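First comes the structure, then the notes that go with it.
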Amino acid sequence: MYRQKGFTLLTLIFLLALAVFAALVAMKTVPTYIDYFAVTKSLENILAQGTDQSAFEMRQTFERRLDVNSIYNVKSKDLEISKDNGMLTLSVPISSKKPFAGGISISVDLVATASAPLN
């Protein structure tokens, strides 16, 4: 006897709802991750220019890089500069809270960091 195989209508609806949910979550979180990777690359490029710059010069360079990359939720005042154990570390907290549905929000908290040995 031949037995039918395949999805039922209920399974198809469930899979479509799951795909829509995943797409909505991605649409809310992916821009924050794009900003994170752009800020991390900017910090690495600042350190590649040399670690002998002043904090003011680093903040100015960081501000220009934010403008070029069109990143508006991070400011140069958020840049944290620390010197520990012969290493210069630049870090920037990146936070995003976006409404999802009803009273539910999606929150993403990241810290972009780059380090280099002091000259």
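The values are calculated or read from the model by the stated rules, or taken from the named source; none is laboratory data. Because the structure is a prediction, the values reported are computed rather than measured. Backbone-built Cβ (ideal geometry, glycine too); neighbour counts: all protein chains shown.
Before moving on, here are some points about what is shown:
- Check on GLN60, more than 30 Å from VAL20 (Cα to Cα), part of a helix (DSSP H, G or I) and either touching a helix residue (DSSP H, G or I) at 6+ places or on another chain (Cβ under 8 Å) or charged (D, E, K, R) (or both): yes
- Filter result for MET58 (more than 27 Å from THR29 (Cα to Cα) and touching a Pro at 6+ places or on another chain (Cβ under 9 Å)): no
- In this structure, SER115 qualifies as touching a residue at least 24 places away in the same chain (Cβ under 8 Å) and over 17 Å from the mean Cα position of the chain (by Cα).
- Scanning the range 1-38 for residues that are over 30 Å from THR113 (Cα atoms) and surrounded by 11 or more Cβ atoms within 10 Å (Cβ to Cβ) returns LEU12, ILE13, PHE14, LEU15, PHE21.
- Complete set of residues in the range 65-100 that are touching a residue at least 40 places away in the same chain (Cβ under 8 Å) and either more than 15 Å from the chain's Cα centre (by Cα) or farther than 17 Å from THR40 by Cα (or both): LEU88, LEU90, LYS98, PHE100
Residue-wise test of (1) aliphatic (A, V, I, L, M); (2) at pLDDT 90 or above; (3) out of contact with any Cys (no Cβ under 9 Å at 6 or more places or on another chain).
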| position | (1), (2), (3) |
| --- | --- |
| SER42 | no, yes, yes |
| ARG65 | no, yes, yes |
| VAL68 | yes, yes, yes |
| ASP84 | no, no, yes |
| ALA114 | yes, yes, yes |
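- LYS77 vs. criteria basic (Lys, Arg), at pLDDT 90 or above and more than 27 Å from VAL25 (Cα to Cα): yes
- Subset tally (residues that are closer than 24 Å to TYR33 by Cβ, out of contact with any helix residue (DSSP H, G or I) (no Cβ under 9 Å at 6 or more places or on another chain) and not aliphatic (A, V, I, L, M)) for the range 44-57: 1
- Leading residue by the ranking (nearest to LEU110 (Cα to Cα)) among those in the range 40-80 that are surrounded by 15 or more Cβ atoms within 10 Å (Cβ to Cβ) and among the aliphatic types (A, V, I, L, M): VAL74
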